[in-house]
Amino acid sequence: MADRAIYQEFVQARSDRLLRTAYLLTRDWALAEDLLQESLAKAWFAWPGVEDPEAYVRRVLVTTYTSWWRRRWRRELPSGDLPDTPVDGGAERAGDRESLWRAVGRLPARQRAVIVLRFYEDMPVAEVARTLGCGTGTVKSQTAKALAKLRVDESILEEVSR
């Protein structure tokens, strides 16, 4: 029973942050919720032996997302509805962000995971390596490759030149 209470406290305290990470990986709120639920369900079964719960669930998030991507799993089709633009008059910045998100979305799953964890979650290289189950050199090389692709991405270059 103590494990169940600790698990519930963890889920209540960390779900919002983990959901944001899932969204950054999937770029779809409904899919992010599915990814988080599946990851939390997987974590529940391993819970008694987990030493660092947040790192463990993040790793489950990334590996589950990667397996979905490899299978090209898609539950929902994109719609023609566009999201609301920011109210603060930042329509130009919103266009920049959208271009960047599209470019990040075109990265391979592993590179996208590294970019999300390093720059959006602000995790150090060693923690990203531990989360992804790889070496720090792999994180650095995947980061360098991803950033190189983003620097030459046509949609970002077009947005900057406007």
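Every residue in segment 28-41 that is touching a residue at least 12 places away in the same chain (Cβ under 8 Å), in contact with a helix residue (DSSP H, G or I) (Cβ under 9 Å, 6 or more places away or on another chain) and surrounded by fewer than 16 Cβ atoms within 10 Å (Cβ to Cβ), please. Result: GLU33, single match. Would you confirm whether or not segment 96-107 contains a residue that is touching a helix residue (DSSP H, G or I) at 6+ places or on another chain (Cβ under 7 Å), within 19 Å of TYR56 (Cα to Cα), at pLDDT 90 or above and surrounded by 12 or more Cβ atoms within 10 Å (Cβ to Cβ)? The answer is no, given that none of the residues of segment 96-107 is touching a helix residue (DSSP H, G or I) at 6+ places or on another chain (Cβ under 7 Å), within 19 Å of TYR56 (Cα to Cα), at pLDDT 90 or above and surrounded by 12 or more Cβ atoms within 10 Å (Cβ to Cβ). If only residues of segment 126-146 that are part of a helix (DSSP H, G or I) and free of Cβ contacts under 8 Å to residues at least 12 places away in the same chain are counted, the one that is nearest to the chain's Cα centre (by Cα) is ALA129.
Might you check whether a residue that is at pLDDT below 85 and under 15 Å from ALA22 (Cβ atoms) occurs anywhere in segment 76-89? Walk me through how you get there before you give the answer.
Keep residues of segment 76-89 that are at pLDDT below 85, which gives 76-89.
Imposing the further condition that a residue be under 15 Å from ALA22 (Cβ atoms) reduces the set to 76.
Yes; the residues of segment 76-89 include at least one that is at pLDDT below 85 and under 15 Å from ALA22 (Cβ atoms).
Being assigned to a helix (DSSP H, G or I), surrounded by 14 or more Cβ atoms within 10 Å (Cβ to Cβ), in contact (Cβ under 8 Å) with a residue 40 or more places away in the chain and under 15 Å from the mean Cα position of the chain (by Cα): is that true of ALA55 here? Yes; evaluated as a whole, the condition is true for this residue.
The values are calculated or read from the model by the stated rules, or taken from the named source; none is laboratory data. Given the structure is predicted, the values throughout are model-derived calculations rather than measurements. Cβ atoms come from the backbone with ideal geometry, glycine included; neighbour counts cover every protein chain shown.
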